Amino acid sequence: MFIWAKNFVFEVKEIHVVLQHKMSLRAEQRLVMTAMLRQAIGLLPLNRTEMQQAVQQEMLNNPLLEETHDEEKEIIDGEMPELRVDVPENQNDERGEVEIDWENIAQDNFDDFLPRTPVDDFPSYEQSLARPDTLYEHLERQLGLSVVPEPIARVAEQIIGNVNEEGYLEADAEELAANVGLGSLEADRALGLVQGFSPPGIAAKTLQECLFIQLKNIELSARNNSFSVDLARVLLQGDLEKIGEPQYAKLAKANGVDVDDIVQAIHIIRSLDPYPGLRFSEQRVETVIPDVSVTKRGDAYEVTLNDDGLPLLRVNPQYAAMAVDKTGTSPDTRKYLEEKLRAAAWFVKSIEQRRQTILKVCRSIVRFQKDFLDHGVGHLKPLILRDVAQDIEMHESTVSRVTTGKYMDTPQGVLSFKYFFHSGLESNAGENTSSLAVKEIIRKMVAQENPEKPLTDQKIADRLKQDNVAIARRTVTKYRKELRISPTSKRRKMRQ
């Protein structure tokens, strides 16, 4: 084939492409994330409570798992009895179905012992639990005890419903009154009624109004200190920032009073609550149950897992026998039982693997932080996850999962596993000092400082350098903020 282009002639020859099929054998290693392996990894980060729930849920899903109460079998140093069941080698993962007839389960006759009171007359479990009142319930109860006209009570109820958790009113009282067909007179009376409830300062629109309401209560209860309360009210009418970082001499000169009077007035202001509603917050303090206990035996420390509340599992022997009986069990039932038997065996193995991993990680932490366990936070060493991972020859991600949400009972108190992991600062002597230990030194310095001449961040850094801890002023400022320590200007106190 020829192509003419201007005065040139191109000859295009035919191109032949030959496709060949070739087989080659190549060996490679890959980690296949099976469902069982995913389950084993998922158990590692669970805390004690979550682990209890996971075990209970697995027992509900797998009829071959059951709790054993054999007290003669003891778990020593993390060892569990072996699962002596021949698991079929069939790796088919498909599930069959088995119907369990629960209707024929024997029931004891409790009718003669039960009271004849109808069930509906008994309070529910939630109703029988004792709990503190919410802010809304506290205000509603006070409104119910108030003797006011019905229109005022209606507006007051609207106001209470628009008070946020901090105790501030998030709506206009006149608009709330208009919603129920009432005017500004009823709005003012209802707002005054609610603002007279406890806690003092409730239903205010601004911080200044909240503090003014509390000052009014103080004035009514302490008439002999009315001058300081009046002066506090005058200061609140000005710039609140000046009160936060007071310059007593300037405030005294501006108000024509002595410095001692300013000190007393600011002391009253600081005793007020800027968020009166938070004392009714629904947040609860949860009790921490440690996963591991560390006790000293001679010169060494012994690590013990806390397995209280975690049932000791075993495979139901009757179901296990049915799973391997090829003559007395139907194929579909045996297929279902084989699947559940493999899952049960793997779950028990995963629990034991989790226990052993927690023990290894905890023992490694104890080896690294033995000085801390002996002498306290000043001897806490810098530690990262990689150090523990290399010590126990595991992956860093495994250590991270194990240390998540778990607590250790030590001679220094109940501490989170994460408490032991933090960065360090290099000292002038070439040794590393824990950042947490440095924070503790800063906290003690501030606690022992002269309140009339508090330490600046630079002075704290200079003192640390004298103790062979090389640290910059900005690092001291960072640690001070993390410790929630106020700056020098707010810590300074005048001699009274």
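The values are calculated or read from the model by the stated rules, or taken from the named source; none is laboratory data. Just so it is clear, the structure is predicted and the values come from calculations on it, not from any experiment. Note that each Cβ is placed from the backbone with ideal geometry, even for glycine, and that neighbours are counted across all protein chains shown. Protein only, heavy atoms only, side chains kept; ligands, DNA and RNA dropped before computing areas. Shrake-Rupley method; radii C 1.70, N 1.55, O 1.52, S 1.80 Å.
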- Estimated translational D of the range 307-355 in µm²/s (Stokes, Kirkwood radius over Cα pairs; 20 °C; 1.002 mPa s): 179
- Item | the range 42-64 residues near the modelled Gln318 label - backbone nitrogen below 16 Å, point 7 Å along Cα→Cβ | 63-64
- Query: For the range 302-394, what log10 I(q)/I(0) values come out of the Debye formula at q = 0.12, 0.18, 0.20 1/Å, with one point per alpha carbon and no solvent?
  - Reply: -0.60, -0.88, -0.98
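Which FRET efficiency, nearest 0.05, do Ser184 and Thr206 yield, Cβ-Cβ r, R0 22 Å?
On the way: r = 19 Å, r/R0 = 0.88.
Taking R0 as 22 Å, the efficiency between Ser184 and Thr206 is 0.70.
Return a whole-number percent for the relative contact order of the range 123-214, with Cα pairs under 8 Å and 6 or more residues apart as the contact set. Let's see the in-between values first.
On the way: 102 pairs, mean separation 23.0, N = 92.
With pairs under 8 Å counted, the relative contact order is 25 percent.
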- Query: Residues of the range 368-415: accessible area per residue at 1.4 Å, in Å²?
  - Reply: 49
- Task: Would you kindly derive the ³J(HN,Hα) couplings of the range 343-359 from the backbone phi angles with the Karplus curve 6.51 cos²θ - 1.76 cosθ + 1.60 (θ = phi - 60°), listing them in order in whole Hz, with x for Gly and Pro?
- Result: 5, 5, 4, 5, 5, 4, 5, 5, 4, 5, 5, 4, 4, 5, 5, 4, 4
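To the nearest 0.05, what FRET efficiency results for Lys459 and Tyr275 with a Förster distance of 41 Å applied to their C-beta separation?
Details: r = 33 Å, r/R0 = 0.81.
Between Lys459 and Tyr275 the formula returns 0.75.
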- Item | Three-way shape call for the range 367-426 based on the alpha-carbon gyration tensor, with the a/c threshold at 1.5 | oblate
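Applying a 10 Å radius around every beta-carbon, put 389-398, 454-463 in order of their mean neighbour count, most first.
On the way: 389-398: 13.8, 454-463: 17.7.
Peptide ranking by packing, descending: 454-463, 389-398.
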- Task: Could you pull out every residue, at least 5 positions away or on a different chain, whose amide H is within less than 5 Å of the one on His422? Hs are placed 1.01 Å off N in the peptide plane, and Pro or chain starts have none.
- Result: Leu383
- the range 341-496: spread of alpha-carbon positions along the three principal axes, whole Å, largest first, is 77, 36, 26
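Under the definition of Cα pairs under 8 Å and six or more residues apart, what whole-number percent is the relative contact order of the range 430-488?
Numbers: 32 pairs, mean separation 20.9, N = 59.
So the answer I get is 35 percent.
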